[in-house]
Number of protein chains: 2
Amino acid sequence: MSGQRKLVFYGAVSADGYLARENHSLDWLIGTEGEEDTDYADFYESVDTIIMGRKTYEEILVLFPDEFPYKGKECYVFSRTLTGRTEDVRFIHEEPADFIQALKRQDGKRIWIVGGGDLLQPILKEELVDEFIIQVAPVLLGRGIPLFRPGETETALKLTDVRRYKQFAELRYEVR
Amino acid sequence: MSGQRKLVFYGAVSADGYLARENHSLDWLIGTEGEEDTDYADFYESVDTIIMGRKTYEEILVLFPDEFPYKGKECYVFSRTLTGRTEDVRFIHEEPADFIQALKRQDGKRIWIVGGGDLLQPILKEELVDEFIIQVAPVLLGRGIPLFRPGETETALKLTDVRRYKQFAELRYEVR
């Protein structure tokens with residue numbers, strides 16, 4: 001994989017592994033001490049391309065109704081139904097694995113995979129994720145949308161860093 | 001809860017939150033760099049009483065066929081079927097919550113809850129767990145026995161410490 005662009009998952013989960021409540025709410029995350037101390041700005045600067053699934057995209061539109069938060073980055077949304085493009089994103093109808101493989105061979109900065117679940121699982125299976133940067137928030141939600149869905153794939157990781165931002169624990173892994 | 005003995009979960013999980021494979025195997029955990037560097041010895045010394053479910057107990061007997069690993073501690077195993085006691089443990093037929101509430105009012109050191117799932121969920125619901133000390137191992141198993149089962153209970157935590165032992169990230173939480 002050397003020489004290729006890295007595909008990175010970066011995002012927050014509850015201590016029991018949920019990205020969001022079942023209704024997609026992030027109320028448990030907002031206001032947690034330390035969010036402003038993370039190095040999100042540096043991470044965001046290290047990225048020039050963003051990929052996400054259609055459900056995540058629609059959630060982002062609801063969370064940020066006034067302005068798309070990833071303006072200026074190349075944004076691809078995988079969808080079986082939507083095609084074409086908006087001012088901010090391009091809809092991709094291809095198989096995520098094929099598209100991402102091609103994307104990783106292009107020149108550029110890192111690629112950020114936003115969100116989990118539907119999109120993350122097949123990409124993990126195809127061994128396309130290079131790094132995980134996970135902020136763990138101090139709450140057990142009990143239920144919600146999991147970052148990692150149950151599946152047949154086992155993935156060996158290498159812990160590269162552990163950081164603390166007040167109430168967030170951040171775990172950084174490379175995929176082996 | 002002040003003045004009462006603390007009930008602590010202490011144990012290792014995969015990065016996707018599993019305590020063990022579905023067949024109870026811990027092969028993914030054994031040999032991970034850093035296990036020998038944790039402060040397990042200090043933790044073990046801080047505990048004089050251990051509680052676990054029957055399934056966890058039977059797994060421990062398989063993992064340690066020669067000698068019960070918690071000899072010398074007061075060990076309680078919750079079971080609907082087993083009664084009486086062995087040389088090493090006493091079987092408890094009562095409701096875990098009632099029994100644990102009484103236990104926490106007794107004098108003594110900390111109480112360790114070994115294992116998760118069947119026993120942990122009702123105890124969490126009754127707000128009996130005071131602390132979580134979780135070592136995260138660098139692997140995504142994809143499936144297995146989860147530490148936290150889906151449930152209706154939401155639990156607010158306070159991150160008290162983040163440590164790194166080579167390939168293990170350790171997160172320490174107090175239950176708020």
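Rule-based calculations on the coordinates, nothing more; no lab input. Here the structure is a predicted model, which is why all the values come from computation and not from measurement. Please note: Cβ atoms are built from the backbone with ideal geometry, for glycine as well, and neighbour counts cover all protein chains shown.
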**Request:** Between A:Tyr18, A:Tyr76, A:Tyr165, find the one with the highest GNM mean-square fluctuation for chain A; connect C-alpha pairs within less than 10 Å.
**Result:** A:Tyr165
**Request:** Springs between alpha-carbon atoms under 10 Å, Gaussian network over chain B: tell me which of B:Val13, B:Val62, B:Val114 tops the mean-square fluctuations.
**Result:** B:Val62
**Message:** Applying a 10 Å radius around every beta-carbon, put A:139-147, A:32-40 in order of their mean neighbour count, most first.
**Reply:** A:139-147, A:32-40
**Item:** Hull shadow area, averaged, the stretch B:1-83 [alpha-carbon convex hull, nm²]
**Value:** 7.8
**Asked** Can you list the equivalent-ellipsoid semi-axes of the protein assembly as shown, largest first and in whole Å, using the square root of 5 times each Cα gyration tensor eigenvalue?
**Response** 41, 21, 18
**Request:** Kindly provide log₁₀ I(q)/I(0) values, in the same order as q = 0.11, 0.12, 0.15, 0.20 Å⁻¹, from the Debye equation applied to equal alpha-carbon scatterers of the stretch A:14-168.
**Result:** -0.46, -0.56, -0.92, -1.71
**Item:** the protein assembly as shown: calculated mean residue ellipticity at 222 nm from DSSP helix runs of at least 4, using -39500 (n - 2.57)
**Value:** -5000 deg cm²/dmol
**Message:** Straight-line reach from A:Lys109: which lysines fall under 26 Å, measuring Cα to Cα and dropping same-chain residues less than 8 apart?
**Reply:** A:Lys6, A:Lys55, A:Lys71, A:Lys73, A:Lys125, A:Lys158
**Asked** At a Förster distance of 25 Å, what's the computed FRET efficiency of A:Ser25 paired with A:Glu154, Cβ-Cβ distance as r, to 0.05?
**Response** 0.20
**Message:** Under a Cβ-only charge scheme (Lys and Arg +1, Asp and Glu -1), can you give me the dipole magnitude of the stretch A:1-114 about the Cα centre, in debye to the nearest 20?
**Reply:** 740
**Asked** How about the stretch A:35-132: which trypsin sites (Lys or Arg not before Pro) there lie in a loop by DSSP and see at most 12 other Cβ atoms within 10 Å?
**Response** A:Lys71, A:Arg80
**Message:** Please give me the summed charge of the neighbours of B:Lys6: other residues whose Cβ is under 11 Å from its Cβ, Lys and Arg +1, Asp and Glu -1.
**Reply:** +1
**Complete:** Whole-Å distance linking the alpha carbon centroid of the stretch B:145-176 with that of the stretch A:28-79 is 25
